[in-house]
Amino acid sequence: MCGRYTLHTSPHQLAERFDITVPESFEPRYNCAPGQELPIITSDEPDHVQRFTWGLTPAWADEKKGLINARAETVGEKRSFADAYESRRCLVPADGFYEWADLGDGKQPYRVAFEDDRPFAMAGLWERWEPPTQQLGLDSFGGSGGSDEPEPLETFTVITTEPNDLIAELHHRMAVVLAPDEEERWLNGDPDEVGDLLDPYPGDKLEYFRVSQRVNTPANDDPELIEPVVS
(Lines give C-alpha, C1' and ligand atoms only; values in the text may rest on other atoms or scores of the structure.)
Protein backbone atom coordinates (compact mmCIF):
# COMPACT_ATOMS: atom_id res chain seq x y z
CA MET A 1 0.00 0.00 0.00
CA CYS A 2 0.95 3.66 -0.02
CA GLY A 3 0.11 5.24 3.33
CA ARG A 4 2.59 8.12 3.57
CA TYR A 5 4.67 10.18 1.17
CA THR A 6 6.79 13.33 0.89
CA LEU A 7 6.64 16.50 -1.18
CA HIS A 8 9.37 18.94 -0.19
CA THR A 9 10.23 20.10 -3.72
CA SER A 10 10.24 23.90 -4.09
CA PRO A 11 7.25 25.67 -5.71
CA HIS A 12 9.46 26.76 -8.61
CA GLN A 13 10.65 23.20 -9.30
CA LEU A 14 7.11 21.82 -9.09
CA ALA A 15 5.79 24.48 -11.46
CA GLU A 16 8.57 23.72 -13.94
CA ARG A 17 8.28 19.94 -13.65
CA PHE A 18 4.50 19.75 -14.14
CA ASP A 19 3.97 22.97 -16.15
CA ILE A 20 1.47 24.26 -13.61
CA THR A 21 0.87 27.27 -11.39
CA VAL A 22 2.06 26.71 -7.81
CA PRO A 23 1.52 29.33 -5.08
CA GLU A 24 4.71 30.71 -3.54
CA SER A 25 3.13 29.95 -0.16
CA PHE A 26 3.41 26.24 -0.94
CA GLU A 27 4.97 24.56 2.11
CA PRO A 28 7.24 21.49 2.04
CA ARG A 29 5.77 18.29 3.46
CA TYR A 30 7.81 15.43 4.86
CA ASN A 31 5.00 13.21 6.13
CA CYS A 32 1.88 13.47 3.97
CA ALA A 33 -0.79 11.33 5.65
CA PRO A 34 -4.38 10.19 5.05
CA GLY A 35 -7.02 12.69 6.11
CA GLN A 36 -4.86 15.69 5.22
CA GLU A 37 -5.55 18.22 2.46
CA LEU A 38 -2.77 17.68 -0.08
CA PRO A 39 -1.92 18.98 -3.57
CA ILE A 40 -3.08 17.10 -6.64
CA ILE A 41 -3.45 17.87 -10.35
CA THR A 42 -6.87 16.91 -11.69
CA SER A 43 -8.14 16.06 -15.12
CA ASP A 44 -10.60 18.97 -14.79
CA GLU A 45 -8.02 21.65 -13.95
CA PRO A 46 -4.60 20.44 -15.15
CA ASP A 47 -2.93 23.86 -15.11
CA HIS A 48 -2.62 24.33 -11.35
CA VAL A 49 -2.54 22.43 -8.07
CA GLN A 50 -5.66 21.91 -6.00
CA ARG A 51 -5.89 20.69 -2.42
CA PHE A 52 -8.07 17.63 -1.86
CA THR A 53 -8.35 15.36 1.18
CA TRP A 54 -6.44 12.08 0.97
CA GLY A 55 -9.01 9.31 1.39
CA LEU A 56 -11.58 8.94 -1.37
CA THR A 57 -15.31 9.03 -0.72
CA PRO A 58 -17.39 7.93 -3.76
CA ALA A 59 -20.04 10.42 -4.90
CA TRP A 60 -22.80 7.85 -4.23
CA ALA A 61 -21.72 7.01 -0.65
CA ASP A 62 -24.05 7.65 2.29
CA GLU A 63 -21.12 8.57 4.52
CA LYS A 64 -17.43 9.45 4.34
CA LYS A 65 -15.25 6.48 3.38
CA GLY A 66 -11.59 7.56 3.39
CA LEU A 67 -10.27 5.02 0.85
CA ILE A 68 -6.58 5.91 0.63
CA ASN A 69 -5.56 3.31 -1.98
CA ALA A 70 -7.13 1.62 -5.01
CA ARG A 71 -5.76 -1.61 -6.46
CA ALA A 72 -4.67 -1.31 -10.10
CA GLU A 73 -5.98 -4.79 -10.87
CA THR A 74 -9.61 -3.92 -10.01
CA VAL A 75 -9.77 -0.11 -10.13
CA GLY A 76 -11.87 -0.03 -13.29
CA GLU A 77 -14.37 -2.58 -11.97
CA LYS A 78 -14.81 -1.94 -8.25
CA ARG A 79 -17.83 0.23 -7.56
CA SER A 80 -15.94 2.57 -5.23
CA PHE A 81 -13.54 3.61 -8.00
CA ALA A 82 -15.08 2.75 -11.39
CA ASP A 83 -16.74 6.14 -12.00
CA ALA A 84 -13.61 8.07 -11.05
CA TYR A 85 -11.46 5.78 -13.19
CA GLU A 86 -13.71 6.59 -16.12
CA SER A 87 -13.41 10.38 -15.94
CA ARG A 88 -11.80 11.72 -12.74
CA ARG A 89 -8.15 10.77 -12.77
CA CYS A 90 -5.42 12.84 -11.18
CA LEU A 91 -1.71 13.15 -10.63
CA VAL A 92 -0.46 13.09 -7.04
CA PRO A 93 2.87 14.98 -6.95
CA ALA A 94 5.49 13.47 -4.65
CA ASP A 95 9.24 13.16 -4.28
CA GLY A 96 9.25 10.01 -2.19
CA PHE A 97 6.98 7.58 -0.38
CA TYR A 98 7.35 5.46 2.74
CA GLU A 99 7.05 1.71 3.08
CA TRP A 100 7.26 -0.37 6.24
CA ALA A 101 9.15 -3.67 6.29
CA ASP A 102 8.38 -6.31 8.89
CA LEU A 103 11.76 -7.22 10.41
CA GLY A 104 10.35 -9.71 12.90
CA ASP A 105 10.73 -7.47 15.95
CA GLY A 106 8.55 -4.67 14.54
CA LYS A 107 8.06 -2.69 11.37
CA GLN A 108 10.84 -0.43 10.11
CA PRO A 109 9.97 2.56 7.88
CA TYR A 110 11.93 3.15 4.68
CA ARG A 111 11.77 6.04 2.25
CA VAL A 112 11.60 5.22 -1.47
CA ALA A 113 12.75 7.91 -3.91
CA PHE A 114 14.83 8.65 -6.98
CA GLU A 115 18.55 9.00 -6.31
CA ASP A 116 18.44 12.72 -7.11
CA ASP A 117 15.23 13.19 -5.06
CA ARG A 118 13.39 14.59 -8.09
CA PRO A 119 9.61 14.98 -8.04
CA PHE A 120 7.31 12.52 -9.79
CA ALA A 121 3.61 11.78 -10.10
CA MET A 122 1.69 8.91 -8.58
CA ALA A 123 -1.48 7.82 -10.39
CA GLY A 124 -4.62 8.79 -8.51
CA LEU A 125 -8.39 9.26 -8.72
CA TRP A 126 -10.50 12.07 -7.32
CA GLU A 127 -14.13 12.51 -6.30
CA ARG A 128 -16.51 15.23 -5.12
CA TRP A 129 -18.98 14.07 -2.45
CA GLU A 130 -22.11 15.95 -1.45
CA PRO A 131 -23.20 15.29 2.16
CA PRO A 132 -26.64 13.60 2.30
CA THR A 133 -29.55 15.89 3.25
CA GLN A 134 -29.97 14.22 6.62
CA GLN A 135 -26.47 15.39 7.49
CA LEU A 136 -27.30 19.03 6.72
CA GLY A 137 -29.57 19.51 9.73
CA LEU A 138 -32.74 19.84 7.57
CA ASP A 139 -36.03 19.41 9.42
CA SER A 140 -39.09 17.64 8.06
CA PHE A 141 -40.47 20.92 6.65
CA GLY A 142 -37.41 21.61 4.57
CA GLY A 143 -36.00 24.17 6.96
CA SER A 144 -32.42 24.25 8.15
CA GLY A 145 -31.29 23.87 11.72
CA GLY A 146 -28.37 26.18 11.08
CA SER A 147 -27.10 28.77 8.66
CA ASP A 148 -23.88 26.97 7.78
CA GLU A 149 -24.28 24.09 5.35
CA PRO A 150 -21.37 21.65 4.92
CA GLU A 151 -19.16 22.15 1.88
CA PRO A 152 -18.83 19.33 -0.66
CA LEU A 153 -15.93 17.06 0.21
CA GLU A 154 -13.22 16.72 -2.45
CA THR A 155 -11.06 13.64 -2.01
CA PHE A 156 -8.47 11.50 -3.77
CA THR A 157 -6.88 8.06 -3.62
CA VAL A 158 -3.49 6.70 -4.74
CA ILE A 159 -3.44 3.64 -7.00
CA THR A 160 -1.17 0.76 -6.03
CA THR A 161 0.17 -2.18 -8.00
CA GLU A 162 2.41 -5.21 -7.62
CA PRO A 163 5.90 -4.22 -6.42
CA ASN A 164 9.00 -4.18 -8.59
CA ASP A 165 11.96 -6.32 -7.50
CA LEU A 166 13.33 -3.52 -5.30
CA ILE A 167 10.14 -2.70 -3.41
CA ALA A 168 9.28 -6.40 -3.05
CA GLU A 169 12.07 -6.48 -0.47
CA LEU A 170 9.94 -4.16 1.68
CA HIS A 171 6.28 -4.70 0.84
CA HIS A 172 3.87 -6.63 -1.39
CA ARG A 173 2.37 -3.46 -2.94
CA MET A 174 3.71 -0.13 -4.22
CA ALA A 175 2.32 3.16 -5.49
CA VAL A 176 1.92 3.48 -9.26
CA VAL A 177 4.66 5.91 -10.32
CA LEU A 178 4.06 7.38 -13.76
CA ALA A 179 6.83 8.27 -16.21
CA PRO A 180 6.64 11.94 -17.32
CA ASP A 181 5.51 10.98 -20.81
CA GLU A 182 2.64 8.92 -19.34
CA GLU A 183 1.09 11.66 -17.23
CA GLU A 184 -1.01 13.44 -19.85
CA ARG A 185 -2.41 10.13 -21.10
CA TRP A 186 -3.31 9.12 -17.55
CA LEU A 187 -5.25 12.36 -17.08
CA ASN A 188 -7.05 12.43 -20.42
CA GLY A 189 -6.74 9.03 -22.11
CA ASP A 190 -9.57 6.67 -22.91
CA PRO A 191 -10.25 4.49 -19.84
CA ASP A 192 -9.91 1.39 -22.01
CA GLU A 193 -6.40 2.43 -22.99
CA VAL A 194 -4.76 3.59 -19.74
CA GLY A 195 -4.65 0.29 -17.87
CA ASP A 196 -1.17 -0.46 -19.19
CA LEU A 197 0.14 2.60 -17.31
CA LEU A 198 -0.58 0.96 -13.96
CA ASP A 199 2.48 -1.29 -13.93
CA PRO A 200 5.40 -1.27 -11.45
CA TYR A 201 8.00 1.43 -12.06
CA PRO A 202 11.44 -0.10 -12.87
CA GLY A 203 13.30 -0.95 -9.69
CA ASP A 204 16.69 0.11 -11.03
CA LYS A 205 15.47 3.72 -11.18
CA LEU A 206 14.66 3.96 -7.47
CA GLU A 207 16.39 3.50 -4.14
CA TYR A 208 15.30 3.09 -0.53
CA PHE A 209 16.85 3.69 2.88
CA ARG A 210 15.89 3.44 6.53
CA VAL A 211 14.35 6.47 8.19
CA SER A 212 13.35 7.40 11.72
CA GLN A 213 10.44 5.74 13.51
CA ARG A 214 9.19 9.28 14.06
CA VAL A 215 7.53 9.06 10.65
CA ASN A 216 5.00 6.70 12.26
CA THR A 217 3.31 9.73 13.84
CA PRO A 218 1.59 12.00 11.28
CA ALA A 219 2.05 15.03 13.54
CA ASN A 220 5.80 14.80 12.92
CA ASP A 221 6.55 16.70 9.72
CA ASP A 222 10.12 18.00 9.46
CA PRO A 223 13.27 17.50 7.33
CA GLU A 224 14.81 15.02 9.78
CA LEU A 225 12.21 12.44 8.74
CA ILE A 226 13.83 11.95 5.33
CA GLU A 227 17.37 11.63 6.65
CA PRO A 228 18.85 8.11 6.39
CA VAL A 229 19.14 6.21 9.66
CA VAL A 230 22.17 3.96 10.12
CA SER A 231 21.00 0.40 10.75
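The values are calculated or read from the model by the stated rules, or taken from the named source; none is laboratory data. Since this is a predicted model, take the numbers as computed values, not measurements. Here Cβ is always computed from backbone atoms with ideal geometry, including for glycine, and neighbour counts include all displayed protein chains.
Restricting attention to the range 183-191, does a residue exist that is among the acidic types (D, E) and touching an Asp or Glu at 6+ places or on another chain (Cβ under 9 Å)? No, the range 183-191 contains no residue that is among the acidic types (D, E) and touching an Asp or Glu at 6+ places or on another chain (Cβ under 9 Å). Could you check the range 206-231 and list, in sequence order, the residues that are among the small types (G, A, S) and either touching a strand residue (DSSP E or B) at 6+ places or on another chain (Cβ under 7 Å) or in a helix (DSSP H, G or I) (or both)? Within the range 206-231, S231 is the sole residue that qualifies. You will find that of T6, T21, the residue that is among the polar types (S, T, N, Q) and modelled with pLDDT of 95 or more is T6 and no other.
Being at positive phi and either modelled with pLDDT under 95 or out of contact with any Gly (no Cβ under 6 Å at 6 or more places or on another chain) (or both) holds for only one residue in G106, G76, and it is G106.
If you take the residues in the range 18-59 that are in contact with an Asp or Glu (Cβ under 7 Å, 6 or more places away or on another chain) and aromatic (F, W, Y), which one is farthest from I159 (Cα to Cα)? Checked the range 18-59; the qualifying residue farthest from I159 (Cα to Cα) is Y30. Are any residues in the range 167-205 surrounded by 15 or more Cβ atoms within 10 Å (Cβ to Cβ), more than 29 Å from D83 (Cβ to Cβ) and out of contact with any strand residue (DSSP E or B) (no Cβ under 6 Å at 6 or more places or on another chain), and if so, which ones? The one that is surrounded by 15 or more Cβ atoms within 10 Å (Cβ to Cβ), more than 29 Å from D83 (Cβ to Cβ) and out of contact with any strand residue (DSSP E or B) (no Cβ under 6 Å at 6 or more places or on another chain): G203.
Considering only the range 18-26, I want to know if a residue exists there that is among the acidic types (D, E), surrounded by fewer than 18 Cβ atoms within 10 Å (Cβ to Cβ), in contact with a Phe, Trp or Tyr (Cβ under 9 Å, 6 or more places away or on another chain) and within 24 Å of A84 (Cβ to Cβ). No; the residues of the range 18-26 include none that is among the acidic types (D, E), surrounded by fewer than 18 Cβ atoms within 10 Å (Cβ to Cβ), in contact with a Phe, Trp or Tyr (Cβ under 9 Å, 6 or more places away or on another chain) and within 24 Å of A84 (Cβ to Cβ).
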